[in-house]
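Scroll down for the structure; my scribbles are underneath it.
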Amino acid sequence: MKAVKIKEDIYWVGAIDWDLRNFHGYLTQRGATYNAYLIIDEKITLIDTVKEQFADELIKRISSIIDPSKIDYIISNHVEMDHSGAIPKMMDIAKNAQLITCPNGEKGLSAHYKRDFNHRVVKTGDILNLGKRNLQFVLTPMVHWPDNMVEYMPEEKILFSNDSFGQHYASSGRFDYENSKDIIIDEAKKYFANIVLPYSAQVRKELEVAATLDIEIIASSHGIIWEKYTKKIVEEYKKWSSNKVLKKAVIIYDTMWHSTEKMAYAIQEVFEEKGYFTSMKNLQHNHISDIMTELIDAEYICVGSPTLNNNIMPNVASFLTYLKGLSPKGRKSIAFGSFGWGGQSIAQTAEYLKDSGFEIVDMFKQKYIPSSEDLNNLKIKLAEDLATK
Ligand code: FEO
């Protein structure tokens with residue numbers, strides 16, 4: 001296991017998690033990486049570490065360049081354990097190293113590891129001189145934890161961006177140009193939709209700072225390093241964090257005996273006739289984290305569930321809980337579903353959608369199987385409501 005050179009005396013020394021498929025509820029179908037960076041200068045510096053179980057991989061990659069005990073600084077950009085997990089081990093190996101963190105990082109690291117590391121606290125504007133090069137710190141709280149920070153190296157025009165601009169994507173190609181552009185942009189979009197979306201306002205602030213810097217390389221803490229498509233990923237982040245929606249409706253549902261499904265397709269027909277881009281997402285076949293990616297620019301979020309034992313279907317409940325946590329702003333929604341005798345699922349679905357901050361444009365409730373006339377009535381009502389609400 002070797003380090004990968006990024007620029008003269010700057011190396012990627014992270015770990016590749018080929019088998020990861022679940023990152024707290026997010027389907028990581030292409031695995032993940034935990035990126036750490038080694039800078040050889042008068043002061044030898046490690047930026048971030050890896051998940052604890054990958055510590056040996058990190059150590060092997062560092063050892064391919066230098067004795068890890070010689071590290072002077074270990075920078076912790078983020079307390080979440082996919083990046084800080086190997087800090088205790090690295091601090092044990094690099095006995096003279098100083099841990100660099102921000103005020104919230106100081107609290108978080110102490111709460112996680114119950115140790116008093118030799119450390120220094122930095123804030124926005126502070127500069128750490130490594131010898132020939134410098135690192136300028138920018139605190140980016142809530143992108144996506146209170147303790148996030150990034151640093152910029154002006155001499156090499158590299159932004160070490162931690163989670164921002166990352167993707168869950170395992171590959172032996174460390175740079176963007178070694179991978180399919182469409183796949184890495186799509187994975188970055190999925191990462192944004194599932195991790196960063198609730199903090200879009202903070203991302204916009206981070207992008208304002210980034211606009212003042214001359215950035216050639218973005219070295220994030222997950223996935224590939226942006227070098228060829230640096231401008232492209234910054235433009236995409238501007239778009240995703242703007243919360244601007246397209247004329248697009250996503251219809252998400254589960255169904256027991258196809259009645260709710262029939263309603264879902266009737267709803268889709270109306271949107272299609274109104275010139276909307278539509279997307280059908282049966283929760284039996286689509287993962288909630290992939291649906292979130294689809295919702296990033298959807299004006300309408302329509303959710304259907306039949307009533308099962310006076311309740312929402314489990315797949316729909318799981319999706320609604322996940323959606324409520326991420327709550328994209330300013331969306332319109334429709335709740336619908338079939339029932340036999342209780343019929344509670346429709347109001348329960350609407351309640352979740354309201355709690356997510358969405359405007360409820362319509363609710364459709366169908367006893368047993370919808371007839372052609374029922375579906376036609378649904379379409380007429382929805383078409384009218386879309387025109388007036
Ligand atoms: Fe990649 Fe928020 O940790």
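The values are calculated or read from the model by the stated rules, or taken from the named source; none is laboratory data. Predicted, not measured: the structure shown is a model, and the values here were computed from it. Ideal geometry is used to build each Cβ from the backbone, glycine not excepted, and the neighbour counts take in all protein chains shown. Quick note on the areas: whole protein, heavy atoms, side chains included, nothing else; ligands and nucleic acids left out. Shrake-Rupley method; radii C 1.70, N 1.55, O 1.52, S 1.80 Å.
Residue pairs, Cβ under 9 Å, 6 or more apart or interchain, first in region 149-168 and within 18 Å of residue 15 (Cα to Cα) and outside the structural domain of residue 100 (by TED's automatic domain parsing), second open to solvent by less than 10 Å² (accessible area, probe 1.4 Å) and within 13 Å of the ligand (Cβ to nearest atom). List them. Pairs found: none.
If you go through region 296-311 and keep only what is of a type outside the set (A, V, I, L, M, F, W, C) and surrounded by fewer than 21 Cβ atoms within 10 Å (Cβ to Cβ), you end up with 297, 299, 309, 310, 311. Cβ-Cβ under 8 Å, sequence separation 6+ or interchain: first residue in region 286-312 and closer than 17 Å to residue 355 by Cβ, partner of a type in the set (D, E, K, R) and surrounded by fewer than 21 Cβ atoms within 10 Å (Cβ to Cβ). Which pairs? So the pair list comes out as 295/331; 301/331; 301/332. Applying a threshold of 6 Å to beta carbon distances and a minimum spacing of six or more residues, or different chains, the list of pairs starting in region 216-243 at a residue that is in the same structural domain as residue 184 (by TED's automatic domain parsing) and ending at one that is of a type in the set (Ser, Thr, Tyr) and open to solvent by 20 Å² or more (accessible area, probe 1.4 Å) reads 223/169; 228/177. The listed residues are 249, 335, 350, 266, and the only one of them that is touching a helix residue (DSSP H, G or I) at 6+ places or on another chain (Cβ under 8 Å), hydrophobic (A, V, I, L, M, F, W, C) and either open to solvent by 40 Å² or more (accessible area, probe 1.4 Å) or in a helix (DSSP H, G or I) (or both) turns out to be 266. Give me the residue from region 270-295 that is farther than 15 Å from residue 253 by Cα and open to solvent by 30 Å² or more (accessible area, probe 1.4 Å) and, out of that set, nearest to the chain's Cα centre (by Cα). Selected residue: 277. State whether one or more residues within region 99-117 are away from the ligand (no atom under 16 Å from the Cβ) and within 19 Å of residue 35 (Cβ to Cβ). Looking for residues that are away from the ligand (no atom under 16 Å from the Cβ) and within 19 Å of residue 35 (Cβ to Cβ), one finds at least one in region 99-117, hence yes. Within region 146-156, the set of residues being closer than 21 Å to residue 109 by Cα and either at pLDDT below 95 or of a type in the set (Asp, Glu) (or both) comprises 147, 151. Scanning region 38-56 for residues that are away from the ligand (no atom under 16 Å from the Cβ), of a type outside the set (Lys, Arg) and either touching a residue at least 40 places away in the same chain (Cβ under 8 Å) or in a loop (DSSP other than H, G, I, E, B) (or both) yields 39, 40, 41, 42, 44, 45, 46. Could you tell me whether any residue of region 59-73 is within 14 Å of the ligand (Cβ to nearest atom), open to solvent by less than 50 Å² (accessible area, probe 1.4 Å) and of a type outside the set (A, V, I, L, M, F, W, C)? Looking through region 59-73, none of the residues is within 14 Å of the ligand (Cβ to nearest atom), open to solvent by less than 50 Å² (accessible area, probe 1.4 Å) and of a type outside the set (A, V, I, L, M, F, W, C). Every condition in (1) within 17 Å of the chain's Cα centre (by Cα); (2) over 20 Å from residue 241 (Cβ atoms); (3) outside any loop (DSSP other than H, G, I, E, B) is met by residue 201 except one, and the failing one is (2). Count of region 206-240 residues, restricted to those that are in contact with a Leu (Cβ under 7 Å, 6 or more places away or on another chain) and of a type outside the set (A, V, I, L, M, F, W, C), is 2.
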